[in-house]
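Read through the structure below, which is laid out as structure tokens, and then see the notes.
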Amino acid sequence: MTTYNRSQSQPGYRSSWVVSRPIRESSLAASQRHSAGTLGERFEAGRDRHGNPGQSGREYVGFATLPEQMQRKSVKRGFEFTLMVVGETGLGKSTLVNSLFLTDLYKDRVTLNAEERIDKTAEIQRSSIDIEEQGVRLRLTVVDTPGFGDSVNSENSWGPIISHIESKFEQYYRDESGLNRKNLIDDRVHCCLYFISPYGHGLRPIDIEFMKRLHDKVNIVPIIAKADCLTKTEVKRMKDRVLREISEHEIGIYAFPDCESDEDEDFKKQDQELKASIPFAVIGSNTVVEVNGRRVRGRLYPWGITEVENPKHCDFVKLRNMLIRTHMQDLKDVTRDVHYENYRLGRIRGGGTQLHRERSKNESKLKRDSGVFDEVAEKDRMLEQKEVELRQMQVMLEKMQREMAVTQRNSRGDNLQYDDRRSSTVEV
């Protein structure tokens, strides 16, 4: 019989299940144990790691503490998570990130006016912050993409984003292939929140093209921004249309893993609710308002108040639970086992990616500027020396050609004088 004990320190987390199976002792092992003496000479019989009597009086070996050992080691090392937010300006990306992690990552941001955004291209801005909660440290990195879809010509707006994702894959690939692999820093993008405008009627062409180009490189989670602009009926209609268009264009968004058969009913129900909420219709706000004597985060309107953490008003709580409390590790696992492995396979086969080909083309220049790769610098010096030698040889060759020309002219002059002397002799 198999018993399942759930850790109370991390409720709702699937990896907190601990499976313990009674060990059946064979007759041979029993005879060996009795012949070698009782284990009580070395261990305290029938006591577990807490000093309590073991199950059925069995001796306690100690391998049941392996999950606790792994947990202590992981907590001591800390965790990393990289989140990318993509969407046009004004959809509340920064506000939502601040609401999710209860922090302010964009204190010094400067907002551009309409004229400055005409020819604006997408940029990459990385912001990192260390967050600690109940002794658990998280290194959170948020990758923002200001300028995406803001210019008149939005063609190739996804170019810098793809280059950034692949550059982090390339960096991890080089570090993993190097000598010092003990302290690898994982800067790979684990999740991309793509914000969909609520003002249209589904996905725009730029939305479809972006997700088609990135769905095999990163976990895409679609978000309907500013859900307080829509009624409940409009939100449902918008979700159905977005999912239908995603299916029609064969876009692969993040797929929730299936629940194990041994999960409890509460977790299964929560997982079903999360799957049914895709795409998440969210509201972000850093303002605290008072509602019936309660202080909550929300937005105040003439007709009422929308609460950010009220499940009846938006899917903010479901998004936070999925992103932080239940599926953060799964997002990292999919990034490692699927997206990065696909990139690594391409690099091993030699084909690489567009970024790798461009890097190879300009590799010598980048290496000279960095001053790190001495081997390339030595090759450059050798090439320059060869060019100097070639120029010297060319000068010597030209000099020899001139000397040969002078010699030939002199020899022709001597031959003419000899002919003249011979002709005059004949006439005499």
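The values are calculated or read from the model by the stated rules, or taken from the named source; none is laboratory data. What you see is a predicted model; the values in this text were computed from it and never measured. Don't worry about glycine lacking a Cβ; one is built from the backbone with ideal geometry, like all the others, and counts go over all protein chains shown.
Restricting the search to the stretch 281-296, which residues are farther than 13 Å from ASP315 by Cα and either outside the structural domain of VAL235 (by TED's automatic domain parsing) or not in a strand (DSSP E or B) (or both)? SER285, ASN286, THR287, ASN292, GLY293, listed by residue number.
Selection of the stretch 98-135 for residues being modelled with pLDDT under 85, farther than 26 Å from GLY298 by Cβ and touching a helix residue (DSSP H, G or I) at 6+ places or on another chain (Cβ under 8 Å) yields THR121, ALA122, GLU123, GLY135.
Within the stretch 176-231, being polar (S, T, N, Q) and surrounded by fewer than 20 Cβ atoms within 10 Å (Cβ to Cβ) holds for SER177, ASN180, ASN183, SER197, THR231. Against the definition (closer than 30 Å to TYR172 by Cβ, part of a loop (DSSP other than H, G, I, E, B) and within 31 Å of the chain's Cα centre (by Cα)), how does ILE278 come out, yes or no? Judged against the criteria, ILE278 is a match.
Residue by residue, here is whether (1) surrounded by 10 or more Cβ atoms within 10 Å (Cβ to Cβ); (2) under 30 Å from ARG213 (Cβ atoms); (3) modelled with pLDDT of 80 or more; (4) of a type in the set (A, V, I, L, M) holds:
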site: VAL289; (1), (2), (3), (4): yes, no, yes, yes
site: VAL317; (1), (2), (3), (4): yes, no, yes, yes
site: ARG320; (1), (2), (3), (4): yes, yes, yes, no
site: MET328; (1), (2), (3), (4): yes, yes, yes, yes
site: ARG336; (1), (2), (3), (4): yes, yes, yes, no
site: LEU345; (1), (2), (3), (4): yes, yes, yes, yes
site: ASP369; (1), (2), (3), (4): no, yes, no, no
site: LEU383; (1), (2), (3), (4): yes, no, no, yes
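Within the span defined as the stretch 172-179, one or more residues are in contact with a helix residue (DSSP H, G or I) (Cβ under 8 Å, 6 or more places away or on another chain) and outside any loop (DSSP other than H, G, I, E, B). Taking the condition assigned by TED's automatic domain parsing to the domain that holds CYS229, in contact with a Phe, Trp or Tyr (Cβ under 9 Å, 6 or more places away or on another chain) and within 29 Å of VAL189 (Cα to Cα), does PHE316 pass? The answer is yes for PHE316.
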